[in-house]
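Presented below is the structure to which this report refers.
The values are calculated or read from the model by the stated rules, or taken from the named source; none is laboratory data. In this text the structure is predicted, and so the values were computed from the model without any measurement. Backbone-built Cβ (ideal geometry, glycine too); neighbour counts: all protein chains shown.
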Amino acid sequence: MINVTEYIGLPFESGGRGPRHDCWSLVRLVYADRLGIELPLHTGYADTLTDETSQLMVAARSEWREVTDPEPYDVVMFNVDGKPNHIGLVIAPGLMLHTTRHKDACIESYRAAQWRSRIEGFYRYDHDCRPPEPGTD
């Protein structure tokens, strides 16, 4: 289990990048803090946030791959309102860290009734997907 106590209670803000966060920026924060990995920023928010989250996670197959047996630091994507538009960070079997416009950052079960039926998939960031930096062959 990932210890994420310092993230619990961080306030939600659509498009937030800190100190308030949306679901994507919360995942970005944990990846940067814990793994030293800078995930891409969204280029726009508001009405496009859900589309961009979907594009970053689903369409970017070169960086994210779908998995069936989620592990800590994988993300779970949810289909809410007819399209993939919410993610949580898997911290342990059945548990995720996430935030929504109705809830500050918290730990919840992705197996709970309100989430289980909305799971779109689990995705793992491919840490080796990026080309080497020039001069680091």
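Across the range 93-112, which residue is nearest to the chain's Cα centre (by Cα) among those that are outside any strand (DSSP E or B) and at pLDDT 95 or above?
Restricting to residues being outside any strand (DSSP E or B) and at pLDDT 95 or above, the top hit is 110.
Any chance the range 30-47 includes a residue that's aromatic (Phe, Trp, Tyr), surrounded by 12 or more Cβ atoms within 10 Å (Cβ to Cβ), in a loop (DSSP other than H, G, I, E, B) and modelled with pLDDT under 95?
Yes, the range 30-47 has at least one match.
Out of the residues in the range 5-29 that are under 14 Å from the mean Cα position of the chain (by Cα), crowded, with 17+ Cβ neighbours inside 10 Å and assigned to a loop (DSSP other than H, G, I, E, B), which is modelled with the highest pLDDT?
22
Are there any pairs, at least 6 apart or on different chains, whose C-beta atoms fall under 6 Å, with the first in the range 17-30 and within 19 Å of residue 74 (Cβ to Cβ) and hydroxyl-bearing (Ser, Thr, Tyr) and the second modelled with pLDDT under 85 and in a loop (DSSP other than H, G, I, E, B), and if so, which?
25/16
Could you list all residues from the range 59-77 that are modelled with pLDDT of 90 or more and not aliphatic (A, V, I, L, M)?
68, 69, 70, 71, 72, 73, 74
Within the group 76, 90, which residue is crowded, with 19+ Cβ neighbours inside 10 Å, out of contact with any Phe, Trp or Tyr (no Cβ under 6 Å at 6 or more places or on another chain) and not in a helix (DSSP H, G or I)?
Among 76, 90, only 90 is crowded, with 19+ Cβ neighbours inside 10 Å, out of contact with any Phe, Trp or Tyr (no Cβ under 6 Å at 6 or more places or on another chain) and not in a helix (DSSP H, G or I).
Residue 54 versus (1) at pLDDT below 75; (2) of a type outside the set (A, V, I, L, M, F, W, C); (3) surrounded by fewer than 16 Cβ atoms within 10 Å (Cβ to Cβ); (4) in contact with a Lys or Arg (Cβ under 8 Å, 6 or more places away or on another chain): which is the lone unmet condition?
(3)
Would you mention how many residues in the range 113-125 are of a type in the set (D, E, K, R), in contact (Cβ under 8 Å) with a residue 40 or more places away in the chain and outside any loop (DSSP other than H, G, I, E, B)?
Summing the residues that are of a type in the set (D, E, K, R), in contact (Cβ under 8 Å) with a residue 40 or more places away in the chain and outside any loop (DSSP other than H, G, I, E, B) in the range 113-125 gives 2.
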